[in-house]
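*Asks:* Please read through the structure below; I'll follow up with questions.
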Amino acid sequence: MTDGDTTGVLAETGSPVRSHATATDTVDVLVVSLGSTGGLRVADDELAESLRRAGASVTVAVAVPPRPLRTLALTDLSWALAARRAARAGLARQTPRAVIYSSTTAALLWPRAGAIRFDAPSAGNRPGRHGCWQRPLERRRLRQASLLLPYSDGALRELRDGAPQADRALVLPVTIRASGAPAACRDIAAITYAANPAKKGLDRVFDAWRRVRRPSEELVVAGVTLEDLERSGLELPTEGVRVTGMLAPGEYRSLLRRARVFACAPRREDYGQAQLEALADGCLLVTTPAPGPYAALPIARELDSRLVSEDLGAGLRAALDDPVPGYATRAREALRPFSRETVDRLVAEELLPRLLPDRLLS
């Protein structure tokens, strides 16, 4: 929480609402934050701060996490209800000129129409029975939205009726920046983030690591516990793997600054925020290709095509044994479109004039 935040818990819902607004009934923007993953929470905080730097008053209404459920359809319903409660709490406290729903799930049961920011639509990441009720309702919400804010061009292309939607869309990337100075010694051979082990392909990372690891090398697995792995049916390699569990953002990013390689083998990637953060913190990105609007994939190919392959083991050994000189420097340049300065400019010059056309910012 930054200086000046006031954090309250609304008794009627339990939904935390963070505001930089003054003591008034009106606020410029209400951000309804799903916050179901660490990446979403970071993205929402960055968006709120960017709006504030552009001169807007902002309240963030954060959904209270529901209990875990067995299916994606029920999980999405519980999160959509949590987002609805958070939005209602925010609307009861203040009258926003505009509302931004962070993710299509947050918008599914909205109490008031607004803009929708999303990494990917359900049409792509909820196939078959997993998205039986979400997909048709999502299409309706996307048509009703005042503005669409996809993370990437790929996310916009995944909309079935993407061409007519483009007139109401502004591609707004998540801000990606280095978390600090690189460690004096990169003593971790490889790291991966696996909050969703099956989707992230952690089994394939383990298989590759078993094949190519050398005795002194360690793979750090963040975002998942040993109990999570057991429930997923994954067999942990007997040597050379350390599982950290869930970490605070600062702890996790400090590990990235110590790691030489970020390894992943996603079965689908909706954006690749963890991979982009790894590049920002100086890791070489070793990945398999994946369907979805995987924003980090073309960057990884451009930096070193050897490290993007279905043969993850070969990519790991190439990165660890024969890294391309200047990789980190070129990665920083490739991440310029995701910089705070670039996103701030988009927010100030394109987002706010479309979101609040009648408001004259000082």
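The values are calculated or read from the model by the stated rules, or taken from the named source; none is laboratory data. As the structure is a prediction and not an experimental result, all values here were calculated from the model. Neighbour counts run over all protein chains shown; Cβ positions are idealised from the backbone, glycine included.
*Asks:* Residue check: is E277 assigned by TED's automatic domain parsing to the domain that holds A208 and assigned to a loop (DSSP other than H, G, I, E, B)?
*Replies:* Working: assigned by TED's automatic domain parsing to the domain that holds A208: yes; assigned to a loop (DSSP other than H, G, I, E, B): no.
For E277, the condition - assigned by TED's automatic domain parsing to the domain that holds A208 and assigned to a loop (DSSP other than H, G, I, E, B) - is not met.
*Asks:* May I pose another question? When you go through P325, P353, P357, P337 one by one, which is the residue that is over 22 Å from the mean Cα position of the chain (by Cα), part of a helix (DSSP H, G or I) and exposed (fewer than 15 other Cβ atoms within 10 Å of the Cβ)?
*Replies:* Result: P353 is the single residue among P325, P353, P357, P337 that is over 22 Å from the mean Cα position of the chain (by Cα), part of a helix (DSSP H, G or I) and exposed (fewer than 15 other Cβ atoms within 10 Å of the Cβ).
*Asks:* Separate question: Report whether or not T192 is assigned by TED's automatic domain parsing to the domain that holds T288, surrounded by fewer than 20 Cβ atoms within 10 Å (Cβ to Cβ) and in contact with a Gly (Cβ under 9 Å, 6 or more places away or on another chain).
*Replies:* Values: assigned by TED's automatic domain parsing to the domain that holds T288: yes; surrounded by fewer than 20 Cβ atoms within 10 Å (Cβ to Cβ): no; in contact with a Gly (Cβ under 9 Å, 6 or more places away or on another chain): yes.
Criteria not met by T192.
*Asks:* Could you say which residue among A263, A290 is closer than 15 Å to L320 by Cα and assigned by TED's automatic domain parsing to the domain that holds D203?
*Replies:* Values: A290 fails: closer than 15 Å to L320 by Cα.
Just one listed residue meets the conditions, A263.
*Asks:* Looking at E269, E310, E302, which one is closer than 21 Å to L229 by Cα and either touching a residue at least 60 places away in the same chain (Cβ under 8 Å) or not polar (S, T, N, Q) (or both)?
*Replies:* Working: E310 fails: closer than 21 Å to L229 by Cα; E302 fails: closer than 21 Å to L229 by Cα.
None of the other options fit; the residue is E269.
*Asks:* Right, next: Can you give me the number of residues within the range 251-270 that are in a helix (DSSP H, G or I) and within 18 Å of the chain's Cα centre (by Cα)?
*Replies:* First, the residues of the range 251-270 that are in a helix (DSSP H, G or I): 251-258.
Retained after the next criterion (residues that are within 18 Å of the chain's Cα centre (by Cα)): 251-253, 256.
Within the range 251-270, residues that are in a helix (DSSP H, G or I) and within 18 Å of the chain's Cα centre (by Cα) number 4.
*Asks:* A follow-up question, please. Exactly one of (1) under 20 Å from L276 (Cβ atoms); (2) free of Cβ contacts under 8 Å to residues at least 12 places away in the same chain is unmet by A222. Its number?
*Replies:* (2)
*Asks:* May I pose another question? Checking T342 against (1) surrounded by fewer than 18 Cβ atoms within 10 Å (Cβ to Cβ); (2) over 19 Å from the mean Cα position of the chain (by Cα), which test does it fail?
*Replies:* (2)
*Asks:* When you check P96 against the structure, is it crowded, with 18+ Cβ neighbours inside 10 Å and outside any loop (DSSP other than H, G, I, E, B), yes or no? Before the answer, list the steps.
*Replies:* Numbers: crowded, with 18+ Cβ neighbours inside 10 Å: yes; outside any loop (DSSP other than H, G, I, E, B): yes.
Criteria met by P96.
*Asks:* Would you confirm whether or not the range 126-139 contains a residue that is touching a Phe, Trp or Tyr at 6+ places or on another chain (Cβ under 8 Å) and either in the same structural domain as V27 (by TED's automatic domain parsing) or of a type outside the set (D, E) (or both)? Write out each step before concluding.
*Replies:* Taking the range 126-139 as the starting set, the residues that turn out to be touching a Phe, Trp or Tyr at 6+ places or on another chain (Cβ under 8 Å) are none.
No, that holds for no residue.
*Asks:* Next question, about the same structure. Taking the range 234-286 as the search range and keeping residues that are among the polar types (S, T, N, Q) and under 16 Å from I299 (Cβ atoms), which one is surrounded by the most Cβ atoms within 10 Å (Cβ to Cβ)?
*Replies:* Just the residues of the range 234-286 that are among the polar types (S, T, N, Q), to begin with: 238, 244, 254, 273, 275.
After this cut, where a residue has to be under 16 Å from I299 (Cβ atoms) as well, the list is 273, 275.
On the way: Q273: 24, Q275: 27.
Checking each candidate, the answer is Q275.
*Asks:* How many residues does the range 191-224 contain that are assigned to a loop (DSSP other than H, G, I, E, B) and either among the hydrophobic types (A, V, I, L, M, F, W, C) or closer than 18 Å to E239 by Cα (or both)?
*Replies:* Quick first cut of the range 191-224, residues assigned to a loop (DSSP other than H, G, I, E, B) only: 194-196, 201, 213-218, 223-224.
From what's left, either among the hydrophobic types (A, V, I, L, M, F, W, C) or closer than 18 Å to E239 by Cα (or both): 194-195, 213-218, 224.
Total satisfying the criteria: 9.
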